[in-house]
1. With respect to B:Pro182, determine if the residue is of a type outside the set (Lys, Arg), over 17 Å from the mean Cα position of the chain (by Cα) and more than 30 Å from B:Glu249 (Cβ to Cβ).
2. Taking region B:242-266 as the search range and keeping residues that are touching a strand residue (DSSP E or B) at 6+ places or on another chain (Cβ under 7 Å) and either in contact (Cβ under 8 Å) with a residue 40 or more places away in the chain or within 14 Å of chain A (Cβ to nearest Cβ) (or both), which one is nearest to A:Glu120 (Cα to Cα)?
3. Which of the residues spanning region B:220-241 are more than 14 Å from chain A (Cβ to nearest Cβ) and buried (at least 21 other Cβ atoms within 10 Å of the Cβ)?
4. Only residues that are surrounded by 22 or more Cβ atoms within 10 Å (Cβ to Cβ) and touching a residue at least 60 places away in the same chain (Cβ under 8 Å): list them for region B:77-93, please.
5. Being loosely packed, with under 14 Cβ neighbours inside 10 Å, modelled with pLDDT of 95 or more and not small (Gly, Ala, Ser): is that true of B:Asn370 here?
6. I'd like the full set of residues that are at pLDDT below 90 and buried (at least 17 other Cβ atoms within 10 Å of the Cβ), limited to region B:152-171.
7. Applying the selection to region A:62-72, what residues are more than 10 Å from chain B (Cβ to nearest Cβ) and in contact (Cβ under 8 Å) with a residue 24 or more places away in the chain?
8. So A:Ser55 fits all but one of (1) of a type in the set (Ser, Thr, Tyr); (2) buried (at least 19 other Cβ atoms within 10 Å of the Cβ); (3) in contact (Cβ under 8 Å) with a residue 60 or more places away in the chain; what number is the exception?
Amino acid sequence: MKTRLTFGLIVTLFVLSIPVIAGGEGELQKYFNKTATEVKATEDASAKREILNESFTDMLKVLNKVQNSGMISEEESMGVGNFKTTIKEKQDELNGTNGFERVTDSQLNNFADYTVQDIEQASITISLVALILIAILLVLIL
Amino acid sequence: MLHSNNRFVRSITHSDFFNKSLYVMLLIFIISCSSDYTIQHEALLTEKSDYSLVFIIHGDGGYFYHDTNGNEYKADEVTLEKAKRIAQQNLDAEVFIFHQKPKRHFLFFFPIKDGELYYYRNGQLIVNEKYWRDQEESNFDLEVDIYRSLRAGNQHEMLKIFLYFGHEIPELGGLGYDVSYPKRAFTIHNLASGLKKFTGDTTRFDLMILATCFGGTPYTIGTFGTYAKYIIASPENLHLSYFDLNLFERLDFHLSNIDLHTFAKKFSKIAFDRLSNQVQTEVSIAVYDVDRTRDFIDSIHNIYENSLITLRGETRVYPATVEHCDCAELVEYESPTIGDGVDLFYRPASFGRLKYKQIHSGWQCWRTLNKKQLRIIDEQ
């Protein structure tokens, strides 16, 4: 019995050694990749638009909460703010506001891909703390 | 009596197992600290090669990306497999592959080596070892030591190529580039320091591939240009699938009847075509003939450096009031020599504020946002 407990402890410690950082990194990309998958799974343009809009709105809510949480530094807040600007611009383009041409129905799939790709390759300088807060809030909101 | 003896025997067995486990863990830790490497096919080390390739593949950061079917990839691991294939396919090349990985621990306490070397000579794997990356300032000292100890003897006869894959390398500041080493700075000057040691005092790499975002700035090309004759880089964002590397798989064939500059343009066009078909974001790949770009770079060097210091700054996150832009959009960079030595393949993004921008100078600079853009940010 004690042998099994010892072995179990060793296995648990091994599993826990997988960096926690893996939980923060990639969560933003996965979130929008999921959105893009859902957009492409439906044929209805209104539904595509709604999925994208909700995705942007929910992310902006989360980013606002993180910025107002008091748990991140000024520099970290700046990184979150830059990311907020990126998301807001995409929502504006989707809806044709703030000087953007509205994304046409036929372009919604490509726009979903564009969102994923732009976020993946952008220099998103969000700290690990902020990323983890975002990941947690996304789970709570959704 | 027998019962108490059995309990005694059981307790010895448990204690013995626990001690042995600790011994094994300690042994693994000690072995992992060893810096010697095992050489296979040692006879090949005396053979000459026609080409020398050095890959630095950065993986200590957020390198996940998805294709349009939603499949997830890790950019550094995909590139590593491509690099190995190149090494195996080239029967007259030596190939160094340095994979920079995140720091990990075994059983929470024992650090695992965070660099991995693959050295191939003429298609055969000679050395595959893990090593410790620079724990202090990142100047590639360890990678250079390994390179000097294993490289082929006929260095001056070989065509030499250097390839770097990773996120945008900061020109200032640089803290947090490696997620595992948040207090360590890494900038283009650190990579340049490494390049200087790789090349020695009298030679340059014939070709350098800089697969990062925003690598095509006058400052970055000017800095690396001391160590490379031709540089392929992206002045804008670059998708994490990076560049196609197929042309490198048989260098003897693909370089047989063309000069290196033509090869570089062919490589860039193939990479551009593939990215243009697959991504909706902007695609920009430039071939810089370093010597021919010197006049432009020298003429605006102080202007760019000043903008770097005053606009971008040294912090990890640059201010929201500042953005990357095409140098040609700024009057201070107007010059008849701006296009000299630059062969650019460019396509704007399908969406975004710059979707109608059809022309690009091939050079990336910094500027402050205009009043309208600043108002939008303030309203958020």
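The values are calculated or read from the model by the stated rules, or taken from the named source; none is laboratory data. Just so we're clear, the structure is a prediction, and the values are computed from it rather than from any experiment. Ideal geometry is used to build each Cβ from the backbone, glycine not excepted, and the neighbour counts take in all protein chains shown.
1. Taking the combined requirement at face value, the residue satisfies it.
2. B:Tyr242
3. B:Thr220, B:Ile221, B:Gly222, B:Phe224, B:Gly225, B:Tyr227, B:Ala228, B:Tyr230, B:Ile231, B:Ile232, B:Ala233, listed by residue number.
4. Residues satisfying the conditions are B:Thr79, B:Ala83, B:Ile86, B:Asn90, B:Ala93.
5. No, not satisfied.
6. Within region B:152-171, B:Ala152 is the sole residue that qualifies.
7. Result: A:Val62, A:Lys65, A:Val66, A:Ser69, A:Met71, A:Ile72.
8. Condition (3) is where A:Ser55 drops out.
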